[in-house]
Amino acid sequence: MLRATSRATARPALRRLLLGAAASVAAAGSLTAAPPAAYAQADATGLPSPAARPGNGPDRDHLTVTVRNAGGGADGTFKLYCGPDGGSHPDPGGACAALERDTRSGTDVFAPAPEDGFCTMQYGGPATAHVTGTWAGRPVNAKYDRRDGCQISRWDRLVPLLPDMKATGKG
């Protein structure tokens, strides 16, 4: 009698084990459905690398950076292309690297400083910048200034996309 009871209780456990294994095999099989190139195209941020983003070519990610009142020859309007890096920007490789460093899934590298943040009451000079275009497949229209500590920090985070104001003597 004991033997029949242990078989009866073993069968549901064996059935759950077999069903779980079958589900695991099915799930693993679905992971191989994507071509290996799809996995290779994502970088450490989880976003496609610049070279793998749609529109790599004449329509690839590009930015126009307009800088005013920065001094030291930093003023002007510059074009920037990443992956491959190029354009009229003075440091396209460094600018693209700065953007890539801060580009993470679900975040906006060009987001404004938080409205409710505590900012030091310091003035970083009259420099302004306006960045427009497309980055990581998203439209960009961001303005920068150096009116307080939060804005200075936001600007400095994007150096060398934006000029290093310490190097111009105005930061």
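Every number here is computed from the coordinates shown, using simple stated rules; none is lab data. Since we're looking at a predicted model, the values are computed, not measured. Cβ coordinates were reconstructed from backbone atoms using ideal geometry, including for glycine residues, and neighbour counts include every protein chain displayed.
Mind checking the dipole of the range 68-149: about its Cα centre, +1 per Lys or Arg Cβ, -1 per Asp or Glu Cβ, Debye to the nearest 20?
160 debye
If you wrap a convex hull around the C-alpha atoms of the range 60-123 and split its volume per residue, what is the figure in Å³?
Per-residue hull volume (Cα only) is 132 Å³.
Towards the positive end of the charge dipole of the range 64-171, with charges on Cβ (+1 Lys, Arg; -1 Asp, Glu), say which of Tyr123, Asn141, Ala70 has the farthest Cα.
Result: Ala70, furthest along the dipole toward the positive end.
Asp116 versus Arg68, label points 7 Å from Cα toward the beta carbon: distance in nm?
3.3 nm
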